[in-house]
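To start, the structure under review is shown below, and the notes come after it.
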Amino acid sequence: MNDKKYFMQKSIDLINTRIRDGNARVVTAEEMPAIVDELGEEGALHEVDVVTTGTFGAMCSSGAFFNFGHSDPPIRMERVWLNDVEAYAGVAAVDAYLGATQLSETKGDRYGGAHVLEDLVAGKTIELRAFSKGTDCYPRTTLKTEITLDDLNQAVMCNPRNAFQRYGAATNASSDRVMNTYMGSLLPNCGNVSFSGAGVLSPLANDPQLRVIGSGVPIFLCGAPGMVIGEGTQSSPASGFANLMVTGNMPGMTTDFLRAATFTGYGVSLYVGLGIPIPVVDLDVVRSTAVRDEDITTSIIDYGVPSRDRPVLRDVSYAELRSGSVEIGGEEVKTSSMSSFRKAREVAAALAGWVREGKMELFLPTRHLDTATRVHPLRETEHVPRVREIMQRSIPCIGEDEEIRTAARTLLKGETNHLPVLDADGRVVGIVTTYDISKAVVSPGSGKRVADIMTRRVIRTTPEEAVDIAARKLELNNISALPVVDDNGHIIGLLSAIDLGKLFGGRWSR
Amino acid sequence: MKLLVTFSRKGGREPVIARTVKETGVLINVERAHIDSVAGEVLVDVPDSDSDLVCSKMREFGATVRILVDSVRRDEDECVDCGACISICPKDVFSFDDEWRLTLTEERCVLCGKCVPACPHHALSLMQ
């Protein structure tokens, strides 16, 4: 279709020469698919020199190293607080690493490490407190001062894992309450779907084989020039969830691209703007940067299940997620993004500006990232106690048609406060407590049978559920016992708050 | 037009809304209601042309009625246009424009407040 003969490769030196000369052709990853459609792959390779990507979203695994300089008399800072947020000080005398998710000791989740980082970048004054036991070379034991970003010798952002290639989308199918998660509020009964990631603009989605993104590659980080260090922690390129460890100097960053955030009921996080310029060196890069939202898929995961391996409800593309609603089980469910596509566009556009103006040259990785890396779960050597190990197995129950008086007698005889109510097949249909019975005595008009006064919405547990999960159910629902049921809903035991005490007195204590 | 109707329940259990509907014939849409043992607060939607009639009737029954022009407020400096609020809102107040900028259809807001804690950037608030 095209008579012109093109080279099948383009050197990074040629691209950099064009950048220096101010005539490099730079486009964003959002524009690239249409260019490839129009010009063909070879035409696009010839025409486009750099594709810029961008993302702006919550990246909890972020933070910064600081060197504060030495005071007089000098102190070896053993513990350090910035606006009451503790930083890790186990790195030499006057250095610390402040993590974005660390919470303030006085303001809780309204203020954390991310807020300190944002305040520093905004030019605000931060209170620095330090403590030491004192040594011969560092005699001082306490220090309190006020600092700004300009006062620090170094403030180097170093984020262990940023810019995931894609993120699992979250919904809540199995819990009957609103869940507060790092994916935002999840309404019960699949009331909404929450997702994150810039899709077509996502840096790693434009280079899933990690051919041109790797160690030493220059990036845009929160408005300042930065660099890819290497593989991010928990990176899993083999399963399509690669991420990057990145760094950049905080002076030069701007609050346009660095924002603290609080996820209600979860904690503090940092919104990071991150972009990577991709050199269009060959046809493989052309193909990988021609990716569209339709081509990038992820899974909708049920966060209502409180275990590591949560069930996948369906696969979904970023195009569907970004359309505003997706279908789950025949119903339209509204979607919300946790990351900002408008900001992602701003990152990609700002980065394109840098490259066009010759402010940033491109480099190929000095070391490639391993595409075979796959994340593993934690090896757990301690026994995780299950409900079946501490539940009471022989427990009094009652039928729903029995009289309230019979229930009262059964409670007294069993010396218990909770009476699971069973239907004819032995399935749990309700629960009656001593409180319910007392209430029935005080207001006799409510009925004569157990079914008239029982609580029908029964919070339950299963024998294989971890005790921690069951204990959280007790706490969240402000109740003191859970019927234990098998897969068919048949009662097999009862877990009461008293049983939890077994964990501390018995075989799990150290 | 949205009306915020508040009434005390100390003087009895006057069915304010029901009587107003019955006596005025105006169809009132209850958007949200919070009623406890001592007081009630109900947000209703009525046709603009009938609002005077409804207001005076409800006041006659002892309720306090305020015409509500407020909606949720957005701090544009804090908002990053993520859209976390979009699926939380029961009234479809929030949406994206063509540029992926968050826009508010304020007249739909019933001040339920669900979006306020759902915003990671504390950009949303209710003024009442």
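For chain A, with all protein chains in place and a probe radius of 1.4 Å, 49% of the accessible heavy-atom surface sits on carbon or sulfur.
Rounded to the nearest 5, what % of the DSSP beta bridges within the protein assembly as shown are antiparallel ones? Roughly 90 percent of the DSSP beta bridges within the protein assembly as shown come out antiparallel. Here segment B:72-128 is treated with +1 on each Lys and Arg Cβ and -1 on each Asp and Glu Cβ, and its dipole about the Cα centre works out to around 380 debye. If you take the alpha carbon atoms of segment B:2-68 and fit the smallest convex hull around them, that volume is 70 Å³ per residue. Listed as lacking a disulfide-compatible partner in chain B: B:CYS55, B:CYS79, B:CYS82, B:CYS89, B:CYS109, B:CYS112, B:CYS119, by the criterion of no other cysteine Cβ under 4.7 Å.
Computed across chain B, the Kirkwood hydrodynamic radius from all distinct Cα-Cα pairs reaches 16.1 Å. Evaluated with a Cβ-only charge set (Lys, Arg +1; Asp, Glu -1), segment A:332-467 carries a dipole of roughly 420 debye about its Cα centre, given to the nearest 20.
Treating the angle as unsigned and between 0 and 90°, give the value, to the nearest 10°, between the Cα long axis of helix A:12-21 and the longest Cα principal axis of chain A. Helix A:12-21 sits roughly 70 degrees off the main axis of chain A. Overall, segment A:69-152 carries a charge dipole of about 240 debye about its Cα centre when +1 sits on the Cβ of Lys and Arg and -1 on the Cβ of Asp and Glu, all other atoms neutral.
Rolling a 1.4 Å probe across the protein heavy atoms gives segment A:387-505 an accessible surface of 56 Å² per residue. Beyond 23 Å between alpha-carbons counts as too far, so tell me which of B:LYS10/B:LYS57; A:LYS448/A:LYS473; B:LYS2/B:LYS114; B:LYS22/B:LYS114 fall in that bin. Where the Cα-Cα span goes over 23 Å, the pairs concerned are A:LYS448/A:LYS473; B:LYS22/B:LYS114.
Projection of the Cα convex hull of the protein assembly as shown, averaged over all directions and equal to a quarter of that hull's surface, yields 39.6 nm².
Chains B and A: what accessible area do they bury, summed, in square angstrom to the nearest 100, with a 1.4 Å probe?
Using a 1.4 Å probe on protein heavy atoms, the buried area is about 2000 Å².
For peptide A:334-346, what's the mean number of Cβ atoms from other chains within 10 Å of each residue's Cβ? Across A:334-346, the average partner-chain Cβ count within 10 Å equals 6. Averaged per residue, segment B:11-105 has 55 square angstrom of accessible surface, using a 1.4 angstrom probe with ligands and nucleic acids left out.
Ranking A:LYS343, A:LYS448 from most to least accessible surface, computed with a 1.4 Å probe over the protein chains only, gives A:LYS448, A:LYS343. The average projected area of segment B:72-128, computed from the convex hull of its Cα atoms over all directions, is 3.6 nm². At a probe radius of 1.4 angstrom, the accessible area of segment A:69-152 per residue rounds to 50 square angstrom.
The values are calculated or read from the model by the stated rules, or taken from the named source; none is laboratory data. Source: prediction; values computed, not measured. Using ideal geometry, Cβ is built from the backbone for each residue, glycine included, and neighbour counts are taken over all protein chains shown. What goes into the accessible areas is simple: the full protein's heavy atoms, side chains included, and nothing from ligands, DNA or RNA. Shrake-Rupley method; radii C 1.70, N 1.55, O 1.52, S 1.80 Å.
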